[in-house]
Amino acid sequence: MIISNFIDGKFTEPIEERMMDNFNPADGTHIATIPRASAADVDAAVLSAKKALPQWSALTILERADWLDKIADALEEIKEEIAQTESLDTGKPISLARSTDAARSISNFRFFAEFARSQEPLVFEMSDATNYVHTSPLGIVGLITPWNLPLYLLTWKVAPALLMGNCIIAKPSEITPLTANLLARTMQRLQLPDGVFNLVHGLGPEVGQAILEHPDIGGISFTGGTSTGRIVARTAAPLFKKLSLELGGKNATIILDDANLESVVPGVIRAAFTNSGQVCLCGSRILIHQSIYDEFCKQFVEQVDAMVVGDPSDESTQLGSVISMEHLQKIESYIDLAIEEGGEILSGGSRAMTGQVGPNPAGAYIRPTVIGGLSHLSRTSTEEIFGPVVTLHSFTTDDEAIEMANCTEYGLAGSIWTEDAERGRQLAERVDSGMVWVNTWMHRDLRTPFGGVKNSGVGREGGRWSLSFFSEMTNVCVKR
Ligand code: TXE
């Protein structure tokens, strides 16, 4: 398969005619040739966005909400193709690609369409005047997204950006470009006005950097690694671009002494190993009250041992491959580091090649891995691995649990498991994170603020925070 950029409503070859390869991480096969675009392609995309902006931004928000519904309907028709393509490109299990990636990519558009219809005008009365808050689009926005949830995270930005009247220059991860291409195809089929949605494929330091530096792009919404986030901030800040950064995490799962292990263990497993731990929200540091530590370990390890690592297209597969051989090696280097740091491998720790439902030896498969015996301050326990690797730690008091939870540079998410929901809620407020779940994980209401503190990001997305990011406000004060 050869895919192209999507600029000005047309699929176009990169101006410098350079291409690159895209592989299936589950078996190492070549699946697509994609553009390795350059700053010249970004220029062309910005030019077309500039032409499209006056008409697109002149529509009412309700008219644009209708567009979002049309896009959702069209994606619904190709839902299975989205799931199959995402599974092929990422190595994730088809069941997960269906239930999470494809489903959420559609509901992102549905949600923001509905949300727009529920908005009331912002009006503030004074004794002698009325303030009207007028909202206008940012203009042209750059959307840069990672490989772990490719279409899910791209549409999470595309939907509110379109809704607020912006024109888009999107750059998906070069490792997972295929579903963004499906989105572009959908936009073309629906005859979304030319130039409103542009897609430029290529490398971060080339296309991504050109988007960051382009003077006509007024806002950047970025999801990716913390070190890339630093480059994004460094480049965009002197240009006074509006910036939203959703970065990495090393999230704590806290299990209190009163937790009911029978129901908690499956929840903690889901938090740890969904998408092979390649979700920025995954709970990779599991903090367990000392009184239940041994029993928790026993049940947890038993259930992790039984997890099925296998071919992503097999319905019974729970963990597919990770994103690439290179990433697999990074994960393995952390397992080696854990041993050097004195850790004990309680489950997994090696590539999944035998005794499983047929993972291909050329694929990037690793067993879900549980490590005990490490200090909560060790590198393994504090650095983001972004793979199916968790460390277990015990604590004796709530204060100690909070201190351990807050001891990393990250502050994205966390979860607390207890029979006493109110105790959990109160404790959650002391976790330095953008999001904390009590007795659940990744239970998303799209109206709520999503984002991190510390090195996990700047700003929030979701509901009105997304609408606010993708717009500018003018307060008009009319004196009576
Ligand atoms: O992310 P990158 P990578 C973390 C995770 C992972 C690490 C690296 O720890 O191991 O990040 O993954 C584009 N200017 N997360 O290398 O590089 C890049 O092309 C502009 C957490 O994939 O941050 C891609 O489109 N753009 C994360 C996007 O940035 C640049 C999910 C993200 O890639 C650029 C994924 C540049 N100079 C990885 N360099 C999460 N929190 O969800 C790269 N890019």
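The values are calculated or read from the model by the stated rules, or taken from the named source; none is laboratory data. No experiment lies behind these values; they were computed from the predicted model shown. Glycine gets a Cβ as well: all are built from the backbone with ideal geometry, and neighbour counts include every protein chain shown. Side chains included, ligands, DNA and RNA excluded: accessible areas come from the protein's heavy atoms. Shrake-Rupley method; radii C 1.70, N 1.55, O 1.52, S 1.80 Å.
According to the calculation over all Cα-Cα pairs in region 393-480, the P(r) per 5 Å bin from zero is 3, 12, 18, 20, 16, 10, 7, 5, 4, 3, 2, 1, 0 %. Ordered from highest to lowest accessible area with the whole protein assembly present and a 1.4 Å probe, Y132, Y410 read as Y132, Y410. Would any residue of region 269-312 have its amide N under 12 Å from a label point 7 Å out along Cα→Cβ of D420? List them or say none. Output list for this probe position: empty.
When the helices of the chain are scored as -39500 (n - 2.57) per DSSP H run of n ≥ 4 and the total is divided over every residue, the value at 222 nm lands at -11000 deg cm²/dmol.
A probe of 1.4 angstrom, applied to the heavy atoms of all protein chains, finds F450 with accessible area near 20 square angstrom. For the residues D398, D73, a 1.4 Å probe over the protein chains yields an accessible-area ranking, largest first, of D73, D398. The Kirkwood hydrodynamic radius of region 318-464, based on inverse pair distances between different Cα atoms, is 17.2 Å. Its alpha carbons considered, region 191-234 gives a radius of gyration followed by a Dmax of 12.0, 38 Å.
Extending 7 Å from the Cα toward the beta-carbon at both M442 and E315 defines two label points whose distance is 2.2 nm.
With coordinates expressed along the principal axes, the C-alpha atoms belonging to region 1-149 extend over 70, 39, 23 Å, beginning with the largest. With the charge dipole of region 251-446 set up from +1 on Lys and Arg Cβ and -1 on Asp and Glu Cβ about the Cα centre, the Cα lying farthest toward the positive end among the listed residues S347, M404, C297 is that of S347. The accessible area of T474, taken with all protein chains in place and a 1.4 Å probe, comes to roughly 70 Å².
The alpha carbons of region 252-308 stretch over 30, 23, 15 Å along the principal axes, in descending order. Could you please report the charge total around L374, scoring K, R as +1 and D, E as -1 over all other residues with beta-carbon less than 14 angstrom from its beta-carbon? Overall, the nearby charge balance is -2.
Fully extended, how many nm does the chain gain between E429 and E13 (0.36 nm per residue separation, minus their Cα-Cα distance)? All intermediate terms of the calculation are to be shown ahead of the outcome.
On the way: separation 416, 0.36 × 416 = 149.76 nm, distance 5.05 nm.
That works out to 144.7 nm of additional length.
Tell me which of L47, I78, F124 sits at the most positive position along the dipole axis of region 24-124, charges placed on C-beta atoms (Lys, Arg +1; Asp, Glu -1). Final value for the positive-end residue is F124.
Projecting the Cα atoms of P193, L151, F470 onto the charge dipole of the chain (Cβ charges, centred on the Cα centre) puts P193 farthest toward the positive pole. A 1.4 Å probe, protein heavy atoms only, puts the accessible area of W437 near 30 Å².
Across the accessible surface of the chain, with the other protein chains kept in place and a 1.4 Å probe, carbon and sulfur atoms take up 53 percent.
Taking the Cα centre of region 1-87 as origin and charging only Cβ (+1 Lys, Arg; -1 Asp, Glu), how large is the dipole, in debye to the nearest 20? Before the final figure, lay out the partial values.
Working: 8 positive and 17 negative charges, 84 e Å.
Here the size comes out at about 400 debye.
Exposure here means at most 11 other Cβ atoms within 10 Å; with GluC sites (Glu not before Pro) in a DSSP loop as sites, the longest stretch of the chain lacking them is 18-314. Accessible surface ranking for S313, S244, S324, 1.4 angstrom probe, highest first: S313, S324, S244. For P137, neighbours were defined as the other residues whose beta-carbon sits under 12 Å from its Cβ, and their charges (Lys and Arg +1, Asp and Glu -1) total +1.
The reciprocal of the average 1/r between distinct C-alpha atoms defines the Kirkwood hydrodynamic radius, which for the chain equals 23.2 Å. Legend: translational diffusion of region 19-80 by Stokes-Einstein, Rh = Kirkwood radius over C-alpha pairs, 20 °C, 1.002 mPa s; D = 140 µm²/s.
If only the Cβ of Lys and Arg carry +1 and only the Cβ of Asp and Glu carry -1, the dipole of the chain around its Cα centre is close to 1420 debye. Put simply, region 52-103 fits an ellipsoid with semi-axes of 31, 11, 8 Å; these come from the alpha carbon gyration tensor as the roots of five times its eigenvalues, largest first. In units of the compact-protein estimate 2.2 N^0.38 Å, region 141-228 shows a Cα radius of gyration of 1.00. Panel note: the C-alpha atoms of region 270-401, placed on their principal axes, show extents of 44, 26, 24 Å (largest first).
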